[in-house]
Amino acid sequence: MATKDDPGIIERVRAEHNRLREIKAALLAALDRAPDDDPAAWLDDLIKKFEHYRAHLIHRVALTEIGGFLQVVLERRPTLSKQVDHLKQSHAEMIEMAGGTMKELRELDRRHPDSVRQAGLLVKMALSEVKYHEEAEQLLVSFVFTQETGVGD
């Protein structure tokens, strides 16, 4: 378990966040490329890219929760336990949503002409949900790591 004496957890979370951002960029680039003559192949590629994104999202959440990052947050700011609990609940919802999106992508009828548009919307909605979560998490992290820890904590 990491503690405030283990600054490596912060760097590992930052590195995984950056890797997730790179994978998201590749996913968005795939969305921007129109499918050629074979929308089914495009959809298969999009599903692979989304699965890669989802796997790293799960890894990042595990690193944050199990890897000890949230423990560091609580060690620095014990009064934020409710916010950390909310963040954990949000993590669970985000992972569930990504799994649901993956399931919906796999169930799309590749013969239906609207499947490309549907896939794009599903991925964009999922990415939007993750972005919302990341913004809330970033606010908490910024507060914790840029504020002086008060004696009342």
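The values are calculated or read from the model by the stated rules, or taken from the named source; none is laboratory data. Everything numeric here is computed off the predicted structure, so don't read it as measured data. A quick note on method: Cβ atoms are made from the backbone with ideal geometry, for glycine too, and the neighbour counts reach across all protein chains shown.
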Being of a type outside the set (A, V, I, L, M), over 15 Å from the mean Cα position of the chain (by Cα), farther than 22 Å from LYS24 by Cβ and surrounded by fewer than 14 Cβ atoms within 10 Å (Cβ to Cβ) is the filter here; which residues of region 42-89 pass it? PRO78, THR79, SER81, LYS82, ASP85, HIS86
Give VAL116, VAL123 a once-over and let me know the one that is among the β-branched types (Val, Ile, Thr), under 15 Å from TRP42 (Cα atoms), touching a helix residue (DSSP H, G or I) at 6+ places or on another chain (Cβ under 7 Å) and at pLDDT 95 or above. VAL123
Exposed (fewer than 12 other Cβ atoms within 10 Å of the Cβ) and within 20 Å of VAL116 (Cβ to Cβ): does that describe ASP32? yes
Helices (runs of 4 or more DSSP H) wholly in region 69-153 with at least 3 residues that are more than 26 Å from ALA15 (Cα to Cα) - which ones? 81-107, 115-146
